[in-house]
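> Mind having a look at this structure? Questions to follow.
Coordinate-derived values only; no laboratory data. Values in this document were obtained by computation on a predicted structure and should not be read as measured data. Ideal geometry is used to build each Cβ from the backbone, glycine not excepted, and the neighbour counts take in all protein chains shown.
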Amino acid sequence: MKKNKKVCIIGGGPAGLTAAYQLTKKGQKVSVYEADKIIGGMSKTIKLWGQLVDLGPHRFFSDDPRVNKLWLEVVGDKYSMVNRKTRIYFDNKFFDYPLKPLNALFNLGFFRSTLCVISYIKYKVFPQRNKENFETWVINRFGKELYEIFFKSYSEKLWGIKCDKLDIDFASQRIKKLSLYEAIKNSFFSNNNSHKTLVDLFAYPKKGTGYVYNNFKNKITKLGGKVILKKRIKSLKIMKNDVLVKFSNGKLERFDHVISTMPITNLVNNLNNVPRLVKKNISNLYFRNTILVYLKINKKRYFLTNGFICIQKI
Ligand SMILES: Cc1cc2nc3c(=O)[nH]c(=O)nc-3n(C[C@H](O)[C@H](O)[C@H](O)COP(=O)(O)OP(=O)(O)OC[C@H]3O[C@@H](n4cnc5c(N)ncnc54)[C@H](O)[C@@H]3O)c2cc1C
């Protein structure tokens, strides 16, 4: 792209701000429009009861050195490495996640644990090969018993789709190459090359995840870009040489390029010249809503560190 192009970025979340920062560094004239009054999208940090809180838990971890480099460039040294502790509450008991054999064995009891191991061996010897979906992928790796206890209801509740309708790519993305064997091996022999799903340390900015996006905003502004809050884009019209952007207050402005990070359904429904088939198919996409419940605890130190319990209801 030639320098000095006028670029409109819809959305001040991680994607929009990253694009804006990279483009302003390359000398483009960038304006980010964010509908909300707070920057950061779903990764923002809000003030609640005199403290800063994120929307649910937000951990930063990436295998990609380019992403890590950019993150450090923006955050500097204002972050800590935090121990991860995740547990699954099942059958009135807390199970360590990633699964730890002794903890799982103890919680499941001898009979159920034996069933899990038998089921695991069964699907290792006779894997299901006819259908390829999330369900068969997990069963082949963990056995049916563990799949039904830990994966089925959780995934169906989270995504609102039956596991046999979830794509296999999604499973390999979410759970990577973790298997029961790997989980057991990792619990006995810790090594620095632990699997990605087993990462027990993550980077966390000292002022919450929104700190990253506030810093992005400051850096973009310093480089001459604009980040405008409380400004919603209503529709886009792709013209011959540029794009006509309409704001929710009715104002119109022309840009050489537009990058959109708004929900794709809203984008397609407010764009000109969209093929009929695309319009039809977009109506089949739907969103899962999330209700976050924050509990204020009447105690200064409930955990080892000050904190909120955040329950995510889907
Ligand atoms: C509870 C929860 C926990 C999560 N935990 C993690 C985690 O631990 N690690 C992790 O990496 N990710 C996590 N995520 C996911 C992460 O938050 C998202 O992947 C990320 O925020 C997506 O960034 P985005 O910029 O694509 O979209 P968004 O964050 O959705 O940003 C899009 C922005 O566009 C704005 N917008 C929409 N329409 C318009 C319009 N018409 N005009 C102007 N602005 C508009 C929105 O207000 C929003 O600010 C979590 C998400 C949730 C909800």
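> So the label point goes 7 Å from the Cα of K246 along Cα→C-beta, right? Which residues of the range 218-238 then have their backbone N under 17 Å from it?
232-238
> How far apart, in nm, are the 7 Å Cα→Cβ label points at K26 and Y154?
Roughly 3.9 nm, to one decimal.
> Please compute the length gained on full extension between K234 and N289, using 0.36 nm multiplied by the number of residues separating them and subtracting their Cα-Cα distance. Provide the component values of the computation, followed by the final result.
Working: separation 55, 0.36 × 55 = 19.80 nm, distance 2.21 nm.
Extra length available between K234 and N289 comes to 17.6 nm.
> Calculate the FRET efficiency for Q128 and I161 from the Cβ-Cβ distance with a Förster distance of 22 Å, rounded to the nearest 0.05. Can you show the working numbers first?
Working: r = 19 Å, r/R0 = 0.87.
The pair Q128/I161 has a calculated efficiency of 0.70.
> Can you find, among G160, I39, F61, the residue sitting farthest towards the positive end of the charge dipole of the range 21-161, where Lys and Arg contribute +1 and Asp and Glu -1 at Cβ?
F61
> Please give the contour-minus-distance gain from V117 to N92: 0.36 nm per residue of separation, less the Cα-Cα distance, rounded to one decimal in nm. Don't skip to the answer; put the middle values down first.
Numbers: separation 25, 0.36 × 25 = 9.00 nm, distance 2.19 nm.
Stretched out fully, the V117 to N92 stretch lengthens by 6.8 nm.
> May I pose another question? If you bin every alpha carbon distance in the range 72-143 into 5 Å steps from zero, what whole percent lands in each bin?
P(r) over the range 72-143, rounded to whole percents: 3, 13, 15, 16, 14, 11, 8, 6, 6, 5, 0.
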